[in-house]
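Here's the structure we're looking at; comments come further down.
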Amino acid sequence: MAKLNLGLLVLVLVVGNVAGCKPSIEADLSPNGRTAAITRDRGLLFRDTSGQASDRLVSLKGPESPVYSPDGKWVVVASGKKTYLVEESTGYLSLIPSISPPYAWKPDSSELCGTRANQAVVVHVASKEVCRTYALPENPEHAIWLGTQRDLAFTRGHRLHVVTNGKVQSLNVDGSITSIAQKEKSQTIVLTEMFVRSQPKSIPASDVRIEEVPMDLKDPPKQIWTALDKEALDIKDRFCITVASLVSPDGARVANVGFVDQSEPGLLKKFEALGGFDETITDAKLKKRLQALQKQMHFAAVMTCRELGPSVGPPVKLLKQKSDQLTDSFFWSKDSRKFGVFLGEKLVLLPIP
């Protein structure tokens with residue numbers, strides 16, 4: 001599961017709620033794909049993805065960042081300053097040492113890693129005790145378990161931190177890292193990076209880059225693919241912007257998420273010409289005029305997927321939907337065969353061809 005900041009669109013467009021994104025929902029899919037664990041204000045909701053069984057709610061205050069264990073038995077979830085393991089079959093709550101997300105499970109589900117004040121903290125699930133810690137240069141945004149032993153990888157911003165044999169090594173990359181995965185049956189890490197290109201008072205743009213890095217960090221990153229917005233989203237003739245890029249858990253695919261302008265032709269350019277992307281405007285009349293134009297703007301959410309092989313495959317369109325139904329949370333299934341998105345309160349699992 002990866003929570004994405006679609007507020008990036010608001011940040012770079014300076015258009016407030018043009019995209020109209022719904023509030024965040026965080027979710028993760030069970031390894032067998034039959035159940036989704038979904039955050040709600042009142043607790044953690046378990047939903048049968050086939051729709052044949054009723055939802056089950058486990059009461060928790062403000063749950064965050066649910067992540068299923070590889071064996072499907074547990075969901076780790078943060079609740080305030082506490083961390084719980086929720087047994088999927090019964091809803092039973094087990095309090096474990098407090099660790100913050102991002103979370104990463106050992107493949108055999110025996111250990112769980114979280115963070116705490118610039119530390120990676122590994123908890124032994126059976127004993128519910130901390131079994132080891134690693135000092136990190138900073139608190140990470142993403143985490144994965146590498147292989148089946150004790151190796152881990154973390155990212156924050158432009159930086160990758162890899163723990164091998166108890167030692168932490170770091171690498172800086174050019175773009176802002178948005179997701180990370182270990183390439184299946186290899187000693188390689190796959191990164192997705194984004195570059196926001198903006199000029200004062202102008203319509204912004206963003207680039208996507210996919211790179212492979214050896215786990216030992218001895219060789220420099222190898223670029224697999226790079227694309228501008230229109231190529232990443234497979235849009236030909238309208239303004240669009242990519243706001244997220246997510247590599248699949250097996251490192252074999254990438255899903256790109258963005259928005260395409262559906263407004264009346266010329267409206268966005270008019271908005272730009274009047275200073276709509278200028279954060280320093282103070283003139284009340286001009287602000288009112290820009291707000292009126294903003295209300296006429298319409299965007300559609302677009303998602304595409306590509307295979308990452310010796311050569312990058314053609315784009316496959318997963319979704320095109322009015323953006324006012326979209327939340328800012330997306331996730332891959334554990335087997336990399338489905339991509340999950342919420343449209344309003346509805347969970348949609350998009351099959352990957």
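The numbers here are math on the coordinates, done by the rules we state, and not lab data. Bear in mind the structure is a predicted one, so any value in this text is a computation, not a measurement. Ideal geometry is used to build each Cβ from the backbone, glycine not excepted, and the neighbour counts take in all protein chains shown.
Kirkwood Rh and Cα-based Rg: tell me the resulting Rg over Rh for the stretch 220-332, rounded to two decimals.
Details: Rg = 17.2 Å, Rh = 16.1 Å.
Taking Rh as the inverse mean 1/r over Cα pairs, Rg/Rh reads 1.07.
Go ahead and run the numbers for FRET between LYS218 and THR148, Cβ-Cβ distance against an R0 of 25 Å, rounding to 0.05. Mind dumping the intermediate values first?
On the way: r = 21 Å, r/R0 = 0.85.
Calculated transfer efficiency: 0.70.
Give me the number: length gained by fully extending SER127 to GLU307, i.e. 0.36 nm times residue separation minus the C-alpha to C-alpha distance, one decimal in nm. Working shown, then result.
On the way: separation 180, 0.36 × 180 = 64.80 nm, distance 4.06 nm.
My answer for the length gained is 60.7 nm.
If we count every other residue with Cβ under 12 angstrom of ASP219's Cβ, Lys/Arg +1 and Asp/Glu -1, where does the sum land?
Numbers: positive: LYS218, LYS222; negative: GLU211, GLU212, ASP216.
That sum, taken over residues with Cβ under 12 Å, equals -1.
Anything over 23 Å Cα to Cα? Flag those among LYS183/LYS230; LYS295/LYS317; LYS320/LYS346; LYS236/LYS317; LYS236/LYS288, in the order listed. Numbers along the way, then the final one.
Working: LYS183/LYS230 26 Å; LYS295/LYS317 28 Å; LYS320/LYS346 15 Å; LYS236/LYS317 13 Å; LYS236/LYS288 32 Å.
Among LYS183/LYS230; LYS295/LYS317; LYS320/LYS346; LYS236/LYS317; LYS236/LYS288, the Cα-Cα distance tops 23 Å for LYS183/LYS230; LYS295/LYS317; LYS236/LYS288.
Give me the net charge of LEU290's neighbourhood, meaning all other residues with Cβ under 11 Å from the Cβ of LEU290; Lys, Arg count +1, Asp, Glu -1. Walk me through the numbers on the way to the answer.
Details: positive: LYS270, LYS285, LYS287, LYS288, ARG289, LYS295; negative: GLU272, ASP278, ASP283.
Taking every Cβ under 11 Å from that of LEU290, the sum is +3.
Please provide three numbers in whole Å: the alpha-carbon extents of the stretch 68-134 along the principal axes, with the largest listed first.
Rounded to whole Å, the extents work out to 33, 27, 20 Å.
Can you sort CYS113, CYS305, CYS131 so the residue with the fewest Cβ neighbours within 10 Å comes first? Walk me through the intermediate numbers first.
Values: CYS113 25, CYS305 20, CYS131 13.
Going from least to most buried by this count: CYS131, CYS305, CYS113.
Mind pulling up the Rg/Rh value for the stretch 204-257? Radius of gyration and Kirkwood radius, both on Cα. All intermediate terms of the calculation are to be shown ahead of the outcome.
Values: Rg = 13.1 Å, Rh = 12.4 Å.
Rg/Rh for the stretch 204-257 comes to 1.05.
Specify which labelled value, from (i) 35, 24, 20; (ii) 39, 27, 19; (iii) 32, 25, 22, agrees with semi-axes √(5λ) of the Cα gyration tensor in Å derived from the coordinates of the model shown.
Evaluating semi-axes √(5λ) of the Cα gyration tensor in Å on these atoms matches (i).
Please give me the summed charge of the neighbours of VAL173: other residues whose Cβ is under 12 Å from its Cβ, Lys and Arg +1, Asp and Glu -1.
On the way: positive: ARG156, ARG159, ARG209, LYS222; negative: ASP174, GLU193, GLU211, GLU212.
Charge balance near VAL173 sits at 0.
Excluding residues on the same chain fewer than 8 positions from LYS185, give the aspartates and glutamates whose Cα lies under 13 Å from its Cα.
Filter leaves ASP250.
Rank THR148, THR242, THR226 by mean-square fluctuation in a GNM of the chain with C-alpha springs under 10 angstrom and give only the top-ranked residue.
Taking springs between Cα atoms under 10 Å, the residue moving most is THR148.
Sticking with the crude label model, points 7 Å out along Cα→Cβ, report the distance from GLN296 to ARG116 in nm, one decimal please.
If labels sit at GLN296 and ARG116, their model points lie 5.7 nm apart.
Compute the separation of the alpha-carbon centres of the stretch 274-352 and the stretch 205-231 and state it in Å as a whole number.
What the calculation gives is 22 Å, centre to centre.
Once phi is turned into ³J(HN,Hα) by the Karplus curve 6.51 cos²θ - 1.76 cosθ + 1.60 with θ = phi - 60°, what whole-Hz value does each residue of the stretch 266-279 show in order, with x for glycine and proline?
Going residue by residue, I get x, 5, 5, 5, 5, 4, 5, 4, 7, x, x, 9, 9, 6 Hz, with x marking Gly and Pro.
Give the residues of the stretch 138-160 whose amide nitrogen is closer than 18 Å to a point set 7 Å from the Cα of VAL196 in the direction of its Cβ.
Under cut-off, by backbone N: 141-142, 156-159.
Calculate one ³J(HN,Hα) per residue across the stretch 44-56 by plugging θ = phi - 60° into the Karplus curve 6.51 cos²θ - 1.76 cosθ + 1.60, and present them in order as whole Hz with x for glycine and proline.
With the stated coefficients, the stretch 44-56 comes to 9, 9, 9, 10, 6, 5, 7, x, 8, 10, 6, 5, 10 Hz.
Label-point separation (nm) for ASP174 and GLU264, each offset 7 Å from Cα along Cα-to-Cβ?
4.1
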